[in-house]
Amino acid sequence: MAIHLLGGGWAEDETTWTGRFIDEARERAGTAPNIVCVLWAPTAEEGRAWHADYERDLMSSGAGTVSIVQLTSDRQLEPTDLGNADGIFVGGGLTPGYHRAMMPAADTVRGLVASGVPYAGVSAGAMIAGDQALVGGYRIGGVEVSREAFSEGLEDVTLDAGLGLVDLVVDVHAAQEGTVSRAIALVDAGLAERVVAVDENTSLIVSPAGVEVAGIGSVWAVQPGEQGVNVTVLAADR
């Protein structure tokens with residue numbers, strides 16, 4: 001099964017986005033799947049404002065049921081929250097909040113994915129998926145490397161242990177928020193070996209067969225080069 005790293009946004013054609021993930025969950029379940037949708041917000045009341053949107057989009061993509069797990073500043077993910085998951089979908093929002101709330105159950109997430117449960121993370125859910133999570137920030141060594149508006153409330157670009165699903169550092173909203181520069185700066189500073197920055201309405205799909213890009217944008221893959229860094233643009237299958 002694959003890991004779907006979604007760069008954010010709400011795609012008009014869900015088949016290029018969550019639809020691929022739902023197809024894999026259906027294959028595993030043998031019927032319309034139950035998708036466990038993990039969301040984070042400072043309070044449960046704030047989180048509930050988004051429940052209908054996520055449920056609608058996942059159901060329209062083919063989910064049989066959607067079980068929403070609402071994490072908050074006071075509620076962390078528990079292994080039992082994922083017990084009936086045919087697929088795990090992790091939403092977007094404040095990345096440090098998702099990171100703090102999900103890491104206590106990281107071993108469970110990894111175990112389920114290793115057993116064949118597909119994972120999809122959109123925005124924050126993608127940023128925490130790697131061996132190293134990109135938690136936020138806009139400065140490296142005191143130098144601005146991206147817009148402060150997309151810093152997640154952090155000044156220094158911060159990496160921490162992630163869910164460990166892929167051996168990549170993942171950034172999101174690449175073209176839309178200008179985070180490609182942050183991805184380049186991470187590699188240039190020697191803080192990461194491989195970074196991908198994913199456009200909105202675009203997904204990087206990582207599976208045993210390799211990598212694929214789906215959606216309407218691109219994935220910007222950054223790694224060290226002989227003179228600085230190399231950036232490869234991976235276009236989606238349109």
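The values are calculated or read from the model by the stated rules, or taken from the named source; none is laboratory data. As the structure is a computational prediction, the values presented were derived from the model and not from experiment. Cβ coordinates were reconstructed from backbone atoms using ideal geometry, including for glycine residues, and neighbour counts include every protein chain displayed. Side chains are part of the model used for accessible areas, which takes the heavy atoms of the whole protein and leaves out ligands, DNA and RNA. Shrake-Rupley method; radii C 1.70, N 1.55, O 1.52, S 1.80 Å.
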Checklist entry - In nm, to one decimal, how far is the Ala209 label point from the Val233 one, both placed 7 Å along Cα→Cβ? => result 2.6 nm
Checklist entry - Given DSSP loops and a limit of at most 14 other Cβ atoms within 10 Å, what is the longest stretch of the chain that contains no such GluC sites (Glu not before Pro)? => result 13-154
Item to check | For the chain: accessible area per residue (Å², 1.4 Å) | outcome: 42 Å²
Item to check | Cα-projected label distance for Glu46 with Ala149, points at 7 Å along beta-carbon direction, nm | outcome: 2.0 nm
Checklist entry - Once fully extended, how much extra length lies between Arg75 and Asn34, figured as 0.36 nm per residue of separation less the alpha-carbon to alpha-carbon distance? => result 12.6 nm
Item to check | Rounded to 5, percent antiparallel among DSSP beta bridges of the range 113-238 | outcome: 75 percent
Next on the checklist: What figure, in Å² to the nearest 10, do you get for the accessible area of Trp50 with a 1.4 Å probe and non-protein molecules left out?
Outcome noted: 130 Å²
Next on the checklist: Computing the accessible area with a 1.4 Å probe over protein heavy atoms, can you report the carbon and sulfur percentage for the chain?
Outcome noted: 48 percent
Next on the checklist: Need one value: the accessible area of Asp23 in square angstrom, 1.4 angstrom probe, rounded to the nearest 10.
Outcome noted: 80 Å²
